[in-house]
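Structure first, then comments.
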Amino acid sequence: MSESLDSGPPPQAPTTALRQRLAELRGPAAQPHPLDARALAALAANPGCKRRALLDGAGVDKAALASALGSPAAFGQSQFAFMRGNAFEAKVKADGGKELTRLFGVDTPAEVRVPDLSAAGPEGRAARTALALREATAATVWTLLDHPMLALEVAGSPAYLEPDAVVVHPDGTWTVVEIKSFPMIDASADAAKVGAAARQAAVYVLALERVASLTDGARVAHAVLLVCPKDFSNLPTASVVDVRKQLSVTRRQLARLTRIEDIAAALPEGTTFDVERPTDELMAAVESVSAAYAPECLAACELAFHCRDRSREAGAVEALGRGVRGELGGLTTIGDVLAAARGTAGDPDDPAVAALRRAAALRAEALEAAGCR
């Protein structure tokens, strides 16, 4: 395939030694588990977790691994939510994207091109998408790409990503569109859901930049259009979301993923995450890679329940949340926190220790006043 039809510079394949090492980590019969935008966004949300970076970079099926460890996690939308999301997206894109283009200020749908992006396989679709983007930029007309296919190099291998839509402006600007079924009430939506959508959209922006780098006059917008139902209706409304911060974090995390050979090199010889291995061997393999557990992982990682159990067993304060961990400074275990609060350990000049002792004193006073002690 010629480079002019590709979605960017050809991904550099991993070295033979690295490919062999990653295959050993997955197991001899396991195929690489593909990465998608949700997984890449989750990686960017927890950049300190070497465990997830290695497992995702090696293509390990974390759901199967969690089940083999006895800590399965159920992920995915309910059937009702899935159908509601599909119905809302269909409404937004109906009649040649009339509602969607209206949100961009285009009142005449006939002025908007909607190219056919069908092709054989993800590689073919990615090449067809890249060609459509270049043609739209050269034509200087409004163009709507419905479910384009983008390619992004991850740890030396291509990951294929499919945003809801990309709109090409007449001035050559490319804007990612994220369509979500959660409501936007009084022009505001749930902050956690918007944050997750922004991280996912940042992955698409990063992939688009590869195509734009080979397209004269193209520029990828670092603000995406988030489309949601308005208030309690099914009418689409939109908000512009700046994803520059999420884009920066995603770049750093993906750059770190390209160095997974460094993480793999530190593992004990013979380490494998092959789910056919005995449970105790799998447990030892997983624990040989450090994790950065936080309660937010429960919504984003298949191994979260396993990591939560290990974190609780160790009494790690991370199990209480990143915010709490940040406030406690050098106190790394719940035992340390309780000892500091009781006054049996900890530096009294430490602000965290002083705050804990003050809180313990206030609690004791309140209990005494209530006759509970």
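Round to the nearest 10 and give me the degree value, 0 to 90, for the angle of helix 244-257's Cα axis relative to the longest principal axis of the chain.
Helix 244-257 sits at roughly 80 degrees to that axis.
When all alpha-carbon pairs of the chain are counted, what percent fall beyond 38 Å?
That tail contains 31 percent of the Cα-Cα pairs.
Above 13 Å lies some portion of the pair distances; for region 128-196, what is it as a whole percent of all C-alpha pairs?
Across region 128-196, Cα pairs with separations above 13 Å total 71 percent.
Which percent, nearest 5, of DSSP beta bridges in the chain are antiparallel?
Counting DSSP beta bridges with both partners in the chain, the antiparallel share is about 75 percent.
Take the Cβ-Cβ distance between Ala120 and Ala314 as r, set R0 to 41 Å, and report the resulting FRET efficiency rounded to the nearest 0.05.
Computed FRET efficiency for Ala120 and Ala314 comes out at 0.25.
Hey, if you put +1 on the Cβ of every Lys and Arg and -1 on every Asp and Glu Cβ in the chain, which of Phe82, Phe182, Ala39 ends up farthest toward the positive end of that dipole?
Farthest towards the positive end: Phe182.
Pop out the carbon and sulfur fraction of the accessible area of region 137-198 as a percent, whole number, probe 1.4 Å.
Using a 1.4 Å probe with all protein chains present, region 137-198 comes out at 55 percent carbon and sulfur.
By its C-alpha gyration tensor, with a ≥ b ≥ c as the square roots of the eigenvalues, how is region 229-368 shaped: rounded for a/c under 1.5, else prolate for a/b larger than b/c, else oblate?
The shape class here is oblate.
Taking 7 Å along the Cα-to-C-beta vector as the label spot, tell me the Leu367-Glu24 distance in nanometres, rounded to one decimal.
Distance between label points: 5.4 nm.
The values are calculated or read from the model by the stated rules, or taken from the named source; none is laboratory data. Keep in mind it's a predicted model, so treat the numbers as computed, not measured. A quick note on method: Cβ atoms are made from the backbone with ideal geometry, for glycine too, and the neighbour counts reach across all protein chains shown. Keep in mind that these areas ignore ligands, DNA and RNA; they rest on the heavy atoms of the full protein, side chains included. Shrake-Rupley method; radii C 1.70, N 1.55, O 1.52, S 1.80 Å.
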